[in-house]
């Protein structure tokens with residue numbers, strides 16, 4: 001190796017190369033392809049205040065909840081039965097409407113071991129209404 005400005009330059013270049021190599025190796029080992037496949041949505045929604053939603057949307061969401069037979073598995077009594085969440089206070093846990101919509105639409109991707117189906121066939125209006133209804137449960 002030809003020395004241009006003394007012995008420090010090749011040593012510095014080698015040190016920088018080692019740092020870059022280490023960063024690449026650490027990056028490769030911390031890379032989680034399942035995170036890309038599963039998306040960036042966390043299992044639990046972000047802390048958010050209970051949203052203010054118009055009464056017609058909440059009422060439509062309640063009708064969607066009934067029509068889709070959500071109460072066939074979920075309770076709204078304040079007491080959870082087994083692993084199935086009680087939804088009485090769902091807004092205290094997950095008040096973010098976009099999170100609720102994603103959770104409903106892609107539930108099995110977010111919760112791979114869940115028996116709950118994806119609600120990806122709901123119309124966008126019904127999906128938003130159901131998510132709004134759940135997010136406003138105090």
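Worth pointing out:
- Restricted to segment 76-138, the set of helices (runs of 4 or more DSSP H) holding at least 1 residues that are at pLDDT 95 or above comprises 97-105, 124-135.
- Residue match in segment 13-21 (condition: within 24 Å of residue 124 (Cβ to Cβ), at pLDDT 55 or above and out of contact with any helix residue (DSSP H, G or I) (no Cβ under 8 Å at 6 or more places or on another chain)): no
The values are calculated or read from the model by the stated rules, or taken from the named source; none is laboratory data. Everything numeric here is computed off the predicted structure, so don't read it as measured data. A quick note on method: Cβ atoms are made from the backbone with ideal geometry, for glycine too, and the neighbour counts reach across all protein chains shown.
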